[in-house]
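Worksheet: one structure, shown below.
The values are calculated or read from the model by the stated rules, or taken from the named source; none is laboratory data. Note that the structure is predicted; figures quoted are calculated from it, not measured. Neighbour counts run over all protein chains shown; Cβ positions are idealised from the backbone, glycine included. Just the protein is used for accessible areas: all its heavy atoms, side chains included, with ligands, DNA and RNA removed. Shrake-Rupley method; radii C 1.70, N 1.55, O 1.52, S 1.80 Å.
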Amino acid sequence: MIFRERALSKAVDQLERALGEQDEVLLNEAFHALSGAVQGAKPASCVEAGPRMAALLPRVPMGAEGILAVMVGACVEHGADPEACSGPILAGVGEAMRDVMAFPALWEETVGGELPERDHLMLGEVVERIAAVGGMDGRKFGAVSAWMQLPLWEMAGVAVLLHAEIRRAVQADGTLVALVEEAARGDADLKCLRYLLKMFDDEPLVVLHRPSGTGYRMRVSRIGDNFQLHTLLAHLLVGGGHIAGEAPSAEAVAAARDAALDGELQTTGAFNLCAADGSWIWNEGCPADIPLVDGERLLVLDPPTYGRTWTAGRFYPALPGDLTLEAVLTRAETEAYLAKTGPVRAWPDAD
């Protein structure tokens, strides 16, 4: 039992030695040992090993950093100090975002055709294919490495950004937020990372229900996507007796807030979520998609154009989310907001 509890610490010792001696064989052995040790580690071992592993990230050879970053993220999920681990992880995420943007052009100039699937286990094969045509240097290898390891960097980044203090600091700085958005304009989706970086922790929201001519002041906290937002809107407005319709079940509401998820509970949409100009805001998006109008986020609820059903829950299961109703607007207030809105659009591309 003591040996198993020490396995992770011993594997980190081995990694430190391999990096100090620049021993490639020992490095591979250390990574193999770490992989097994992290999977079976108890929280106390993760607390001790996580920051040590994070400190080693800048020294790990290019092509292997994402693997170690994921293991550090796993330690954070099991109790390691996120503050102590976040710096090297987020620095690595930022570097990967910069490097990955060069890959599509590199691939087109050399191999061409459909971009390769991102799989860090296939890194060597992709390097060989590009090198066979156009040679290989540090810049090219960085682009290939970032492309193939991007899912790993996203996983590691999410692990630390789930913690509010770290997320708010990164959002306030803005650099990583912009980098991820720029990288995502290419082939990279990065949805889990993007939505988390745009997450609201305490954001005011004005909601107008156009059919009834009523308006509401709400506050959004830690809601991952608009499916979750939609469920809680229907709960507050329909379930709260403010407007007519079918309210989501108590179980669906609990799943959208903080309950354990079973992945089978279905719920049905009550609205068409729209921006003030009438353009649709998709359930697949996130609350940050709601535009500002005169400095306030303004969401319009129109009748649903067609039926929508989805699995109740949270985009980030580890984060409890909430939507609170702070006030019902007066008729005059509601009419003033409605005056800023465009006509109903039956379809998203309707003028």
Check: Kirkwood hydrodynamic radius for segment 95-207: how many Å is it when counted over pairs of different Cα atoms?
Finding: 15.2 Å
Notebook entry, point to check: Build a GNM of the chain with springs between Cα atoms under 10 Å: which of LYS340, LYS140, LYS42 gets the top mean-square fluctuation?
Noted result: LYS340
Next item on the list: Tell me what the chain gives for mean residue ellipticity at 222 nm when only DSSP H runs of n ≥ 4 count, each as -39,500 (n - 2.57), the sum divided by the residue total, rounded to 500 deg cm²/dmol.
Entry: -16000 deg cm²/dmol
Item checked: Per-selection Rg to Rh, segment 1-151 - Cα, Kirkwood hydrodynamic radius -> 1.03
Checklist line | Among ALA259, ALA339, ALA276, residue whose mean-square fluctuation peaks in a GNM of the chain (springs only between Cα atoms under 10 Å) | finding: ALA339
Next item on the list: Select from ALA260, ALA102, ALA49 the residue whose mean-square fluctuation is largest in a Gaussian network model of the chain (Cα-Cα springs shorter than 10 Å).
Entry: ALA260
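For every other residue with a beta carbon closer than 13 angstrom to the beta carbon of LEU325, add +1 if it is Lys or Arg and -1 if Asp or Glu, then tell me the sum.
Result for the local shell: 0.
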Notebook entry, point to check: Straight-line reach from LYS10: which lysines have a Cα under 17 Å away, not including same-chain ones fewer than 8 places off?
Noted result: LYS42
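Roughly to the nearest percent, how much of the accessible area of the chain is carbon and sulfur, given a 1.4 Å probe? Don't skip to the end; give the middle numbers.
Values: 8590 of 16280 Å².
That share works out to 53 percent.
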Note to self: Between helix 123-134 and the chain, what is the angle of the helix's C-alpha long axis to the longest principal axis, kept within 0 to 90° and rounded to the nearest 10?
What the structure shows: 80 degrees
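Using a 1.4 angstrom probe on the protein heavy atoms only, could you order ARG185, ARG217, ARG314 from most to least accessible area?
Accessible-area ranking of ARG185, ARG217, ARG314, largest first: ARG185, ARG217, ARG314.
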Next item on the list: Could you tell me which Cys residues in the chain have no other cysteine's Cβ under 4.7 Å from their own Cβ, answering none if every one has a partner?
Entry: CYS85, CYS192, CYS274, CYS286
Check: Taking Cα atoms of segment 29-116, Rg/Rh with Kirkwood Rh, to two decimals?
Finding: 1.10
Check: Relative to the first principal axis of the alpha-carbon coordinates of the chain, what is the inclination of helix 138-161, with its axis defined by its Cα atoms, in degrees from 0 to 90 and to the nearest 10?
Finding: 50 degrees
Check: Among bridges DSSP assigns within the chain, what percent are antiparallel (round to 5)?
Finding: 85 percent
Note to self: Rounded to the nearest angstrom and ordered from largest down, what semi-axes does the equivalent ellipsoid of segment 150-224 get from its C-alpha gyration tensor (root of 5λ)?
What the structure shows: 29, 15, 11
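As an exercise, take the mean of 1/r over every pair of distinct alpha carbons in segment 306-351, invert it, and state the Kirkwood radius in angstroms.
15.1 Å
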Next item on the list: Sum up the charges of everything whose Cβ sits under 11 Å from the Cβ of PRO204, counting Lys and Arg as +1 and Asp and Glu as -1, but leave PRO204 out.
Entry: -1
Notebook entry, point to check: Hey, could you pull the Cα Rg and Dmax for segment 158-315, both in Å?
Noted result: 15.8, 45
Notebook entry, point to check: Put LEU261, LEU208, LEU90 in order of accessible area, largest first, 1.4 Å probe: what do you get?
Noted result: LEU261, LEU90, LEU208
Margin query: Please give me the summed charge of the neighbours of LYS340: other residues whose Cβ is under 14 Å from its Cβ, Lys and Arg +1, Asp and Glu -1.
Written below: -3
Item checked: Rg followed by Dmax, in Å, when segment 258-351 is reduced to its Cα trace -> 15.3, 44
Check: What residues from segment 214-228 fall in the zone where the backbone N is under 13 Å from a label point 7 Å along the Cα-to-C-beta line of ASP322?
Finding: 219-223
Margin query: Once R0 is set to 41 Å, what does the formula 1/(1 + (r/R0)^6) return for the Cβ-Cβ distance between GLN39 and SER212, expressed as a FRET efficiency to the nearest 0.05?
Written below: 0.15
Next item on the list: With the Cα gyration tensor of segment 226-311 in hand, give its eigenvalues times 5 under a square root as the equivalent ellipsoid semi-axes, listed largest first in whole angstrom.
Entry: 22, 14, 12
